[in-house]
Every structure is written in C-alpha cells, then in structure tokens.
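The values are calculated or read from the model by the stated rules, or taken from the named source; none is laboratory data. The model shown is predicted, which means the values in this text are computed figures rather than measured ones. We place every Cβ from the backbone using ideal geometry, glycine too, and count neighbours over all the protein chains shown.
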Amino acid sequence: MKKLGLIGYPLGHSFSKKYYLEKFQQEQISNIDYDLYPIPKITEFTTIINDKDFYGVNVTIPYKIDVMDYLNELSEEAQSIQAVNCIRIIHHADGSTYLKGYNTDAHGFEASLRPLLNQQDKKALILGNGGAAKAVMYALDQIGISYKLVSRTKQVDNFIYDELDASVFSEYTVIINCSPVGTFPHINDAPEIPYEHITEKHLCYDLIYNPEETTFLRKSKEQGARIKNGYEMLVLQAEKNWEIWNS
C-alpha cells in the first residue's frame, strides 16, 4: 500500500489526515493510506525516506525549515519562502531516492484571497512574523500587494501594535492575522488592534479556521469589513499537495 503522511512534533488534531481519508473514501481511491508520524527529532525523517511505500509527506511545526537539509531540490516558492510543507518522494529503480520540497501554503492563501480583493486593496498589514507570514508575504508579492508586518518588537520597516491608528488603517485595507491568537480553545482572544478604525473598505483574513469565526473576524465584521477564515486555504493547499504527489 502506498503511504502519505504528516511529520511534525507533537501532532494533535490533524486537518490533513481527516481531509485525505475522507477524500479517499468519497472518490473511491484505494491502496493509499495517510497517517500521522510524530517524530521527536528531525533525524528520524530518514526512516520515512527509506520506506519505499512512501511517496509524499506533509511537514508541520517544528520541521518546515530543518527538513530542507534532507531535500534534493526546492520548488521556486519553497526556495523563496525558505520553508517546506509538502515533499514529493521518488524512489528510483537503482535504489536511490529523490526528494523535492514545495510550499503549498502560499498557493492556498493566494488562490483563496484573490477572489475577495477589490480595486482599492493595494496594501496589507500582516499581524505576526512567524513562519506562516512568510508564505503570505510570498503570495502577496505574486498578487502585487505591498505589505508591512505588525509585531510586538520594533524592527526595520515594520509596525508595532501601538503605531496602528486611523491613518494606517485608511492606507492598508487588507489585514491578515498570521498569529495563533484566537485559536481554540482561546476563542475570546484577538490581536490587539484598534478595531474602531476598521470599515466596510477593509478585508480581514484570519489563517485560523478553528473556531470558524474568530474574535478577530467577528469584531471586523461588526465594523462592516469583508471577512475570511483559513479553511479554504487549507483545502486548496491539500489539493495542491495531491496534485504534486500524483503528477
């Protein structure tokens, strides 16, 4: 049986496993399994590489960067973002193995964002500066939207939260939460931004999908903003993974 799976540590609830197993059942795809592989150390990835039944894996925290040391090639977007969440494993007849890394988070975000954009959406604020923000920045570059990061520490060419005011919000109409603030079970938490400056001209996107409507999205919607959670992004990246593994 062919194998697909998710590596990371620790691994709790997995969107990917549920999604792919349901996909296999609904589309009557047989002889393929998708499972979770929590590995305490990235060196244990070699066990998966050496298993000839594996032909693809997803990668999550904390290995999206470290796993690149094991790859033979990076796709254009993975090279630019310097993070990998999808790997295609090719086993050659001579016993050698070839691994190519991709970042399908960028594809999922871009494809889910584009239909929501209005003509005035030229600039974006990115809340948080972790790994998820890197894929978002790459996607915004592809779309042609300029952006600034918002974080708690002042660095070159970014905002800190205290600097966000009416003038900033009038210029930046797309606001993207790339931080984990508001994720279940902490559903009452939200990024500390001045929601009173959000208007019907704003598009507020939260990469979080659990809960379906975060406090960030609810507060933004109450101000008249267009809102979007991260569920479609996950579905689109999952389908892109499947396309890559079976190409």
Checklist entry - Can we say residue 243 is surrounded by fewer than 15 Cβ atoms within 10 Å (Cβ to Cβ) and either farther than 23 Å from residue 134 by Cα or out of contact with any Cys (no Cβ under 6 Å at 6 or more places or on another chain) (or both)? => result yes
Checklist entry - From the set of residues in region 96-130 that are more than 23 Å from residue 84 (Cβ to Cβ) and polar (S, T, N, Q), which is surrounded by the fewest Cβ atoms within 10 Å (Cβ to Cβ)? => result 119
Checklist entry - Only one residue in 49, 81, 61 is over 19 Å from residue 33 (Cβ atoms), in the same structural domain as residue 6 (by TED's automatic domain parsing) and modelled with pLDDT under 95. Which one? => result 61
Checklist entry - Where residues in region 1-39 are among the β-branched types (Val, Ile, Thr) and either touching a residue at least 60 places away in the same chain (Cβ under 8 Å) or not in a strand (DSSP E or B) (or both), which of them is surrounded by the most Cβ atoms within 10 Å (Cβ to Cβ)? => result 7
Checklist entry - Quick check: is even one residue across region 77-94 surrounded by 13 or more Cβ atoms within 10 Å (Cβ to Cβ) and either of a type in the set (Asp, Glu) or under 18 Å from residue 226 (Cα atoms) (or both)? => result yes
Checklist entry - When you go through (1) in a strand (DSSP E or B); (2) closer than 20 Å to residue 180 by Cβ one by one for residue 62, which number turns out not to apply? => result (1)
Next on the checklist: For region 132-159: of the residues being assigned to a strand (DSSP E or B) and over 17 Å from residue 180 (Cα atoms), which is farthest from the chain's Cα centre (by Cα)?
Outcome noted: 159
Checklist entry - What are the residue pairs meeting all of these: first residue in region 131-147, first residue in the same structural domain as residue 179 (by TED's automatic domain parsing) and surrounded by fewer than 18 Cβ atoms within 10 Å (Cβ to Cβ), second residue charged (D, E, K, R) and assigned to a strand (DSSP E or B), Cβ atoms under 6 Å, and 6 or more apart or on different chains? => result 146/123
